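Trainee: Below is a structure I'd like to ask you about.
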Amino acid sequence: MEQRGRIVAENLVKVYNGQVRAVDGVSFEVNAGEVFGFLGPNGAGKTTTVSMLSAGLRPTSGRAVIDGLEVSQNPEEVKRRIGVIFQESTADGDLTGLENLEVAAGCYGISASEARSRARTLIEQMQLGDAADRYAKTYSGGMRRRLELAVGLVHRPRVIFLDEPTLGLDPQGRAGFWGFIQKLRKDIGMTVFVTTHYLDEADEMCDRIAIIDHGKIVATGSPNDLKDGLGGDVVTLKTHAGASEITTILQALPGVHAIQHSNDSYRAKVQSGETFVPLAVEAATRAGVGITGVTVKRPSLDEVFLEFTGREFREEEGPNATDRAVMMQRVRGQLQGRR
Amino acid sequence: MLREFVALTRREYLKLARNPQAIFTSLLLPLLYLLLFGNGFTINAASFVNPEYGPFFTLQEALDFLFRGAPNYYSYFAGGMVGFVAVTASLFLGANVIFDKLFGIFKRTRGTPAPSAAVFGSRLIAGATQPILLSFFVLALALLFGHIPGLHGLDVTATVTPFGLVEVLLAIVLLSGLFATLFLTFGILLDVPQTYFAAVNLINLPVLLTSDALYPWGTMPTWLQNVSQYNPVSLAVNVLREVMFGSSAYPYSPGIYLLGLLGWTVGLVSIAIVLVRRALRPLE
Ligand SMILES: Nc1ncnc2c1ncn2[C@@H]1O[C@H](COP(=O)(O)OP(=O)(O)O)[C@@H](O)[C@H]1O
Ligand SMILES: [Mg+2]
């Protein structure tokens, strides 16, 4: 098989300080020219995986092969062939956009005159021409991300890694940034490995995605295949408390694939939501179970995530997820104490 | 290797040029020291001279003992200040690495295949310029003060040859290079500002206080004199003072002190190369 521009991960494991199993046996292959999305909530192990693939971090075990090169054996050569856009900003605020690019080019051994002309071209391509001679510390968030992208491309890599490149950008900025990526892919045929925790982004922009949770890949495929794999629509019914018999009632209806429930909400995967809802409401009413709400969803990656992890994606999002959970426990404890 | 080094060195100089406050404050401190400290603290060597009973029978004897041949405390002190400045101004080299780490800038450099020698060398060469220039600034200022009525200043009493000037230059370059290497290595090995500054203080004060940069030589206890003669700051300052005030109070010629200083520098740079290469190798 043609190795140019390919990324192969075989059973990658990273254990931090002998205890935090951040990445737990991750395997996948990315073909040349593909946009591959690595989707997962905060703390899932995305950045750790990118670091191991991009010769920044030695895996505890497993191996990574990029462009036909084993990463741990040729870290320097791998660095020459890949571009990395880190999650955090790495531009030097005291240098202008152009100077940032020129220094980066120099670090790849590119001559000063060549560096200057590449920097100029890239900065125009990223639509930063007007700000080329401004200090990077004066750039807006979106401009900074574009500068980071330009810096990552200055040595014309075959493979580019983007770690949450659109984090913190407004929808317009995100769309603009993706415009550049799609264009690069079309013009140069570069392989793009991108991590994100925006489901819509992964859905729209990626040829294939892998969903990672707690350091393990739970699903891989094209967004459409993954959604189709759920087999139809998802109907969520909310009921009054303590109506567990409804599971059996719903299961008996035609076109139902599976029922899951948490608290008082029941998720039914069905062939078609439109035909299922009237039947379900009628059956429930006949059995004396009060329905308090119904939603029908065409499956999205949210449902895919829920399907493979048993959890809502949003619950996990944000650094405050744990704080919120702790607070909820306290509130619940107080309410119970009062009763 | 050369292109990487040139690009990174250019970056360092650009950063330096764009931070005029840092340059200004680094000039201000030695200026204050020279004006206030050196002028406020004086010892009159003549008061120790008594041609009949001693302790010193001639003024030269007193000056040799107290100030190692310098004509007054201020002149002695000015030579020491050069050493002091070479050490304290080198501290920024490591601090800059620490801040570049905090701002993610260092991560970018490490993501590129730029060799560790270029990363280290560019920062060392560009960074050491500051303490070297500052040392000469202090020397020039002290000389200038000597011509301003009412101020103490540096009085050069020996005839300074071009060879002597080269020795002074070498002493300043070696001393600045030594401490620039030391603090830069700290900056590369450590990640947190608190740890860095704790480490710097742990080195800085003992080194300066066990040197003869600031104390009058004759007032130091014998044990301190013994320790001090191996201190790299003392070695550099000895070269300066011997060239400026003559050799009467020194057992060795400036060349010997320079050799000692070179020994320190070579030793430390060798250790630094091993540590920095290990810290900057890919795939930590
Ligand atoms: N240097 C580190 N030392 C210890 N634990 C770490 C380190 N970096 C990340 N982790 C932990 O590893 C897990 C995965 O982190 P990361 O790869 O950054 O996730 P993501 O990028 O998906 O948010 C998290 O639990 C995180 O706390
Ligand atoms: Mg991350």
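The values are calculated or read from the model by the stated rules, or taken from the named source; none is laboratory data. Computed from a predicted structure; not experimentally measured. Glycine gets a Cβ as well: all are built from the backbone with ideal geometry, and neighbour counts include every protein chain shown. Ligands, DNA and RNA are stripped out before the accessible areas are found, and what is left, the full protein with its side chains, is counted by its heavy atoms. Shrake-Rupley method; radii C 1.70, N 1.55, O 1.52, S 1.80 Å.
Trainee: Scan segment A:22-43 for residues that are over 22 Å from A:E204 (Cβ atoms), within 16 Å of ligand 2 (Cβ to nearest atom) and touching a Ser or Thr at 6+ places or on another chain (Cβ under 9 Å) and jot them down.
Mentor: Hits for segment A:22-43 are A:A22, A:V23, A:V26.
Trainee: Please identify the pairs in which a residue from segment B:88-113 that is free of Cβ contacts under 8 Å to residues at least 60 places away in the same chain and within 10 Å of another protein chain (Cβ to nearest Cβ) has its Cβ atom under 7 Å from the Cβ atom of a residue that is aromatic (F, W, Y) and assigned to a helix (DSSP H, G or I), counting only partners at least 6 apart or on another chain.
Mentor: Correct list of pairs: B:D100/B:F106.
Trainee: What do you reckon, is B:W217 in contact (Cβ under 8 Å) with a residue 24 or more places away in the chain, open to solvent by 30 Å² or more (accessible area, probe 1.4 Å) and not small (G, A, S)? Before the answer, list the steps.
Mentor: Values: in contact (Cβ under 8 Å) with a residue 24 or more places away in the chain: yes; open to solvent by 30 Å² or more (accessible area, probe 1.4 Å): yes; not small (G, A, S): yes.
Spelling it out, B:W217 is indeed in contact (Cβ under 8 Å) with a residue 24 or more places away in the chain, open to solvent by 30 Å² or more (accessible area, probe 1.4 Å) and not small (G, A, S).
Trainee: If you check A:V192 against the conditions, is it in the same structural domain as A:E29 (by TED's automatic domain parsing), crowded, with 21+ Cβ neighbours inside 10 Å and more than 16 Å from ligand 2 (Cβ to nearest atom)?
Mentor: Details: in the same structural domain as A:E29 (by TED's automatic domain parsing): yes; crowded, with 21+ Cβ neighbours inside 10 Å: yes; more than 16 Å from ligand 2 (Cβ to nearest atom): yes.
Criteria met by A:V192.
Trainee: Check every one of the helices (runs of 4 or more DSSP H) wholly within segment B:1-118 and list those with 2 or more residues that are of a type outside the set (S, T, Y), under 24 Å from B:A279 (Cα atoms) and out of contact with any Gly (no Cβ under 7 Å at 6 or more places or on another chain). If you could, list the steps in order and put the result at the bottom.
Mentor: Numbers: elements: B:2-17, B:20-32, B:59-67, B:73-88, B:91-102, B:105-111.
Those helices (runs of 4 or more DSSP H) span B:2-17, B:91-102, B:105-111.
Trainee: For B:G153, which of the numbered conditions (1) at pLDDT below 90; (2) within 14 Å of another protein chain (Cβ to nearest Cβ) fails to hold?
Mentor: Of (1) at pLDDT below 90; (2) within 14 Å of another protein chain (Cβ to nearest Cβ), only one is false for B:G153: (2).
Trainee: Still on this structure, please answer the following. For segment A:267-288, name all the residues that are touching a helix residue (DSSP H, G or I) at 6+ places or on another chain (Cβ under 6 Å) and not in a helix (DSSP H, G or I).
Mentor: Residues satisfying the conditions are A:A268, A:V270, A:A287.
Trainee: Could you check how many residues of segment B:17-27 are away from chain A (no Cβ under 14 Å) and open to solvent by less than 70 Å² (accessible area, probe 1.4 Å)? Walk me through how you get there before you give the answer.
Mentor: Here is the first cut: in segment B:17-27, the ones away from chain A (no Cβ under 14 Å) are B:24-27.
With open to solvent by less than 70 Å² (accessible area, probe 1.4 Å) added as a condition, the list becomes B:26-27.
Summing the residues that are away from chain A (no Cβ under 14 Å) and open to solvent by less than 70 Å² (accessible area, probe 1.4 Å) in segment B:17-27 gives 2.
Trainee: OK, next. Could you tell me how many of the residues in segment B:244-284 are within 14 Å of chain A (Cβ to nearest Cβ) and surrounded by fewer than 13 Cβ atoms within 10 Å (Cβ to Cβ)?
Mentor: 3
Trainee: Further, regarding this structure: Give the residue, chosen from B:L224, B:L208, B:L235, B:L202, that is open to solvent by 10 Å² or more (accessible area, probe 1.4 Å), under 14 Å from the mean Cα position of the chain (by Cα) and at pLDDT below 95.
Mentor: Values: B:L224 fails: under 14 Å from the mean Cα position of the chain (by Cα); B:L235 fails: at pLDDT below 95; B:L202 fails: under 14 Å from the mean Cα position of the chain (by Cα).
The match here is B:L208.
Trainee: Under 7 Å between Cβ atoms, which residue pairs at least 6 apart in sequence (or on different chains) link something in segment A:84-107 that is touching a residue at least 12 places away in the same chain (Cβ under 8 Å) and facing chain B (nearest Cβ under 9 Å) with a partner that is part of a strand (DSSP E or B) and crowded, with 24+ Cβ neighbours inside 10 Å?
Mentor: A:V84/A:F161
A quick yes/no check of all residues on (1) away from every other protein chain (no Cβ under 13 Å); (2) more than 16 Å from ligand 1 (Cβ to nearest atom); (3) open to solvent by 20 Å² or more (accessible area, probe 1.4 Å); (4) under 27 Å from A:V8 (Cβ atoms):
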{"site": "A:R116", "(1), (2), (3), (4)": "no, yes, yes, no"}
{"site": "A:T121", "(1), (2), (3), (4)": "yes, yes, yes, no"}
{"site": "A:D130", "(1), (2), (3), (4)": "yes, yes, yes, no"}
{"site": "A:Y135", "(1), (2), (3), (4)": "no, yes, yes, no"}
{"site": "A:S140", "(1), (2), (3), (4)": "yes, yes, yes, no"}
{"site": "A:M143", "(1), (2), (3), (4)": "yes, yes, yes, no"}
{"site": "A:W178", "(1), (2), (3), (4)": "yes, yes, no, yes"}
{"site": "A:K183", "(1), (2), (3), (4)": "yes, yes, yes, yes"}
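Trainee: Given the options A:E99, A:E88, name the one that is of a type in the set (D, E) and away from ligand 2 (no atom under 16 Å from the Cβ). Spell out how you get there, then give the answer.
Mentor: Details: A:E88 fails: away from ligand 2 (no atom under 16 Å from the Cβ).
Going through A:E99, A:E88 in turn, the sole match is A:E99.
Trainee: Looking at segment A:185-202, which of its residues are touching a strand residue (DSSP E or B) at 6+ places or on another chain (Cβ under 8 Å) and more than 16 Å from ligand 1 (Cβ to nearest atom)? Working first, answer last.
Mentor: Our first condition is that a residue be touching a strand residue (DSSP E or B) at 6+ places or on another chain (Cβ under 8 Å); within segment A:185-202, this holds for A:185, A:190-197, A:199, A:201-202.
Answer for segment A:185-202, where residues must be touching a strand residue (DSSP E or B) at 6+ places or on another chain (Cβ under 8 Å) and more than 16 Å from ligand 1 (Cβ to nearest atom): A:R185, A:M190, A:T191, A:V192.
Trainee: For segment A:44-63, what are the residues that are hydroxyl-bearing (S, T, Y) and either away from ligand 2 (no atom under 14 Å from the Cβ) or in contact with an Asp or Glu (Cβ under 7 Å, 6 or more places away or on another chain) (or both)? Break it down into steps so the answer makes sense when it comes.
Mentor: So the first thing to find is which residues in segment A:44-63 are hydroxyl-bearing (S, T, Y), and the list is A:47-49, A:51, A:54, A:60-61.
Once the filter is applied, which keeps residues that are hydroxyl-bearing (S, T, Y) and either away from ligand 2 (no atom under 14 Å from the Cβ) or in contact with an Asp or Glu (Cβ under 7 Å, 6 or more places away or on another chain) (or both), segment A:44-63 yields A:T47, A:T60, A:S61.
Trainee: If you don't mind, another one. For the subset of segment A:286-296 comprising residues that are out of contact with any Lys or Arg (no Cβ under 8 Å at 6 or more places or on another chain) and modelled with pLDDT of 85 or more, which member is surrounded by the most Cβ atoms within 10 Å (Cβ to Cβ)? Give the steps one after another, and end with the answer.
Mentor: Of the residues in segment A:286-296, the ones out of contact with any Lys or Arg (no Cβ under 8 Å at 6 or more places or on another chain) are A:286-290, A:295-296.
If we keep only those that are modelled with pLDDT of 85 or more as well, we get A:286, A:295-296.
Details: A:R286: 9, A:T295: 13, A:V296: 15.
So the residue we want is A:V296.
Trainee: OK, next. With (1) at negative phi; (2) in contact with a helix residue (DSSP H, G or I) (Cβ under 7 Å, 6 or more places away or on another chain) as the list, and A:G109 as the residue in question, which single condition is left unmet?
Mentor: Among (1) at negative phi; (2) in contact with a helix residue (DSSP H, G or I) (Cβ under 7 Å, 6 or more places away or on another chain), the lone unmet condition for A:G109 is (1).
Trainee: Filtering segment A:64-83 down to residues that are facing chain B (nearest Cβ under 8 Å) and among the basic types (K, R), which residue is nearest to ligand 2 (Cβ to nearest atom)?
Mentor: Among those that are facing chain B (nearest Cβ under 8 Å) and among the basic types (K, R), it is A:K79.
Trainee: May I ask you to list pairs of residues, at least six apart or on different chains, whose Cβ atoms are under 6 Å apart, with the first in segment A:35-58 being within 11 Å of A:K14 (Cβ to Cβ) and more than 14 Å from every other protein chain (Cβ to nearest Cβ) and the second being of a type outside the set (F, W, Y) and within 12 Å of ligand 2 (Cβ to nearest atom)?
Mentor: From segment A:35-58, the pairs are A:G45/A:A22; A:G45/A:V23; A:G45/A:I212; A:T49/A:V23.
Trainee: When segment B:114-130 is examined, which residues are found to be surrounded by fewer than 19 Cβ atoms within 10 Å (Cβ to Cβ) and more than 9 Å from every other protein chain (Cβ to nearest Cβ)?
Mentor: Of all residues in segment B:114-130, those surrounded by fewer than 19 Cβ atoms within 10 Å (Cβ to Cβ) come to B:115-117, B:121, B:125, B:129.
Selection gives B:S116, B:A117, B:G121, B:I125, B:T129.
Trainee: Check whether at least one residue in segment B:3-16 is of a type in the set (K, R) and either more than 14 Å from chain A (Cβ to nearest Cβ) or exposed (fewer than 15 other Cβ atoms within 10 Å of the Cβ) (or both), and report yes or no.
Mentor: no
Trainee: While we're here: One residue is enough: does segment B:34-49 have a residue meeting the conditions within 14 Å of chain A (Cβ to nearest Cβ) and either open to solvent by less than 30 Å² (accessible area, probe 1.4 Å) or not basic (K, R) (or both)?
Mentor: In the first step, residues of segment B:34-49 are kept if they are within 14 Å of chain A (Cβ to nearest Cβ); the result is none.
Within segment B:34-49, none of the residues are within 14 Å of chain A (Cβ to nearest Cβ) and either open to solvent by less than 30 Å² (accessible area, probe 1.4 Å) or not basic (K, R) (or both).
Rundown of residues vs (1) free of Cβ contacts under 8 Å to residues at least 24 places away in the same chain; (2) charged (D, E, K, R); (3) part of a helix (DSSP H, G or I); (4) assigned by TED's automatic domain parsing to the domain that holds A:F36, yes/no style:
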residue	(1), (2), (3), (4)
A:T121	yes, no, yes, yes
A:D130	yes, yes, yes, yes
A:D133	no, yes, no, yes
A:K137	no, yes, yes, yes
A:R144	no, yes, yes, yes
A:E148	no, yes, yes, yes
A:V151	no, no, yes, yes
A:T166	no, no, no, yes
